[in-house]
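To keep things clear, I will list the structure first and then write my remarks on it.
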Amino acid sequence: MIDAERTETAYLKGLRDHFTAMAVNIVEKPGAPDQLVKHTRQLAARADYDEVWCMTDVDHYEREGGKVTAALAVAKKSGINVAVSDPCFELWLLLHHEECTAHCADCGAVERKLRKRLSAYDKARLSFRDFAGGLDRAIERARKLEPGRNPSTGVWRLVNAVLERE
């Protein structure tokens with residue numbers, strides 16, 4: 001099971017449909033990271049899943065009372081994997097097209113870089129085809145980034161987990 005927001009959901013559904021026929025249950029749940037993990041923990045308690053993941057952005061949440069840090073602590077105790085992107089999920093998308101090692105001021109800065117590479121990028125109409133060809137490079141690039149720093153993303157671990165079950 002994977003808890004995600006709309007952009008992430010479109011990407012993950014595209015990944016699932018493109019590479020694997022396995023059952024991946026994706027639940028869209030916008031909200032702060034701590035609330036996302038709480039919701040995921042409740043869902044996971046009612047069913048049997050091989051793995052449970054949440055995807056969240058650091059974005060502004062860490063400045064608003066350490067919500068990412070709190071979410072990670074609860075997730076660890078609950079056996080929930082968390083793929084954190086700093087500053088946002090769009091960094092993962094950008095890594096399909098280019099390296100990004102310099103600090104990103106906010107999600108808007110990442111989206112502007114992404115639109116330079118992919119002018120048709122639309123958060124509301126994400127097409128996995130725009131990213132499929134760069135998946136291996138994105139994983140390689142993301143692995144080189146230091147977790148917990150800006151920029152960084154743990155989405156590569158989630159993608160690997162999905163692909164390993166293919």
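From the list E111, E90, which one is closer than 19 Å to F131 by Cα, without any contact (Cβ under 8 Å) to a residue 24 or more places away in the chain, charged (D, E, K, R) and touching a helix residue (DSSP H, G or I) at 6+ places or on another chain (Cβ under 8 Å)?
E111
Do we have any residue at all in the stretch 47-54 that's surrounded by fewer than 19 Cβ atoms within 10 Å (Cβ to Cβ) and among the β-branched types (V, I, T)?
Checking the stretch 47-54: not a single residue is surrounded by fewer than 19 Cβ atoms within 10 Å (Cβ to Cβ) and among the β-branched types (V, I, T).
Out of V37, V24, I need the residue that is in contact with a helix residue (DSSP H, G or I) (Cβ under 9 Å, 6 or more places away or on another chain), assigned to a helix (DSSP H, G or I), surrounded by 15 or more Cβ atoms within 10 Å (Cβ to Cβ) and among the β-branched types (V, I, T). Which one?
Being in contact with a helix residue (DSSP H, G or I) (Cβ under 9 Å, 6 or more places away or on another chain), assigned to a helix (DSSP H, G or I), surrounded by 15 or more Cβ atoms within 10 Å (Cβ to Cβ) and among the β-branched types (V, I, T) holds for just one of V37, V24, which is V37.
Taking the condition touching a Leu at 6+ places or on another chain (Cβ under 7 Å) and either farther than 15 Å from T7 by Cα or part of a helix (DSSP H, G or I) (or both), does L114 pass?
yes
Within the stretch 92-104, is there a residue that is out of contact with any Leu (no Cβ under 9 Å at 6 or more places or on another chain) and crowded, with 17+ Cβ neighbours inside 10 Å?
Within the stretch 92-104, one or more residues are out of contact with any Leu (no Cβ under 9 Å at 6 or more places or on another chain) and crowded, with 17+ Cβ neighbours inside 10 Å.
Just one of the numbered conditions (1) within 16 Å of E90 (Cβ to Cβ); (2) buried (at least 18 other Cβ atoms within 10 Å of the Cβ) is not true of R125; which one?
(2)
For the stretch 53-89, enumerate the residues that are over 21 Å from R143 (Cα atoms), modelled with pLDDT of 90 or more and part of a loop (DSSP other than H, G, I, E, B).
The one that is over 21 Å from R143 (Cα atoms), modelled with pLDDT of 90 or more and part of a loop (DSSP other than H, G, I, E, B): G79.
List the number of the failed condition for E99; all other conditions in (1) more than 16 Å from R157 (Cβ to Cβ); (2) of a type outside the set (F, W, Y); (3) part of a helix (DSSP H, G or I) hold.
(3)
Out of all the residues in the stretch 50-59, is one or more over 14 Å from the mean Cα position of the chain (by Cα) and under 27 Å from K116 (Cα atoms)?
No, there is no match, as no residue in the stretch 50-59 is over 14 Å from the mean Cα position of the chain (by Cα) and under 27 Å from K116 (Cα atoms).
Confirm whether R157 is outside any helix (DSSP H, G or I), in contact (Cβ under 8 Å) with a residue 60 or more places away in the chain and either basic (K, R) or surrounded by fewer than 16 Cβ atoms within 10 Å (Cβ to Cβ) (or both).
no
Among the residues of the stretch 114-166, write down those that are small (G, A, S) and modelled with pLDDT of 95 or more.
Listed by number, the residues that qualify are A132, G133, G134, A138, A142, S152, G154.
The values are calculated or read from the model by the stated rules, or taken from the named source; none is laboratory data. All values reported here derive from a predicted model rather than from experimental measurement. Glycine also receives a Cβ, built like all others from the backbone with ideal geometry; neighbour counts cover every protein chain displayed.
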